[in-house]
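Working notes, structure below.
The values are calculated or read from the model by the stated rules, or taken from the named source; none is laboratory data. Keep in mind that this is a model prediction, so the values were computed, not measured. No Cβ is skipped: glycine too gets one built from the backbone with ideal geometry, and neighbour counts run over all protein chains shown. To get the accessible areas, we keep the full protein, side chains included, count just its heavy atoms, and leave off ligands, DNA and RNA. Shrake-Rupley method; radii C 1.70, N 1.55, O 1.52, S 1.80 Å.
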Amino acid sequence: MIQYFTEHPNLHNMTYIEHFCFSSYLGFQFLIAAIYAFIHAIFPFLFETTSTDYANLITNIIDQKNR
């Protein structure tokens with residue numbers, strides 16, 4: 001049973017806790033990006049580049065982790 005929780009993190013050279021923290025951090029970044037995107041949808045003159053900025057940020061975070 002424990003392999004279900006450790007197999008994927010181990011493939012990425014992480015412990016379960018490291019993977020939990022990293023994925024939670026990414027989830028929080030996605031949540032913040034989604035909030036900005038919804039605000040931008042209503043008020044197009046606000047946060048004009050924020051979705052792209054967050055996409056680049058998240059991509060950089062993942063790329064750095066994979067090095």
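What the table shows:
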quantity	calculated
Restricting the range 1-43 to residues that are among the hydroxyl-bearing types (Ser, Thr, Tyr) and within 18 Å of Ile58 (Cβ to Cβ), the residue that is most open to solvent (accessible area, probe 1.4 Å)	Tyr25
Subset of the range 50-67 that is in contact with a helix residue (DSSP H, G or I) (Cβ under 6 Å, 6 or more places away or on another chain) and polar (S, T, N, Q) - its residue that is surrounded by the most Cβ atoms within 10 Å (Cβ to Cβ)	Thr50
